Amino acid sequence: IGVGLVGFGLFFIFFGMLLYFDSVLLAFGNILFLSGLVFIIGFRRTFTFFFQRPKLKGTSFFLGGVLIVLMRWPLLGMLLEAYGFITLFR
């Protein structure tokens, strides 16, 4: 279930970017991606990964970007998410 949710989430994010940053598709993709991540590694490990002290800056940018996409500012939100994703996984 988790891998399917992550796959559909990435598909919707990619499809939302292809359709000129459609905010509904991007928001749906973000929600599916994060819920799939929780299904794959578990709630506690997901929470522990995102809220480690050295990764707090990346987490704040990534989750802030998700929030901004949900508030229907897709371009700014995706830029913040991309920066947070790079900061989290470098």
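Bear in mind that the values in this text are calculations on the coordinates, not laboratory data. This one's a predicted model, so the numbers in the text were calculated from it and none came from an experiment. Quick reminder, even Gly has a Cβ in these numbers, built from the backbone with ideal geometry, and neighbours come from all protein chains shown.
Once whole DSSP H runs in the chain are found, which of them have Cα atoms spread over 18 Å or more along the helix axis and a mean Kyte-Doolittle score of at least 1.0? Mind dumping the intermediate values first?
Values: long enough: 2-18 (24 Å, 2.25); 23-41 (27 Å, 2.38); 56-70 (21 Å, 1.81); 74-88 (20 Å, 1.47).
What comes out of the filter, once short or polar helices are dropped, is 2-18, 23-41, 56-70, 74-88.
Mind giving me the FRET efficiency for Arg90 and Leu56? R0 is 22 Å, r the Cβ-Cβ distance, nearest 0.05 is fine. Between Arg90 and Leu56 the formula returns 0.95.
Per-residue extension of 0.36 nm, minus the Cα-Cα distance of Phe49 and Phe8, leaves a gain of 12.6 nm for this segment. Dipole magnitude for the chain: about 440 debye, using +1 per Lys or Arg Cβ and -1 per Asp or Glu Cβ, origin at the Cα centre. Taking chymotrypsin sites (Phe, Trp or Tyr not before Pro) across the range 37-69, the ones in a DSSP loop with at most 15 further Cβ atoms lying within 10 angstrom of their Cβ are Phe51. Once you divide the Cα radius of gyration of the chain by 2.2 N^0.38 Å, the number left is 1.03. Starting from the Cα of Ile41, step 7 Å toward the Cβ, then list every residue of the range 59-86 with an amide N under 20 Å from that point. So the set is 59-67, 81-86. Tell me which of Leu32, Pro74, Thr48 sits at the most positive position along the dipole axis of the chain, charges placed on C-beta atoms (Lys, Arg +1; Asp, Glu -1). Going by the charge dipole, the pick is Thr48.
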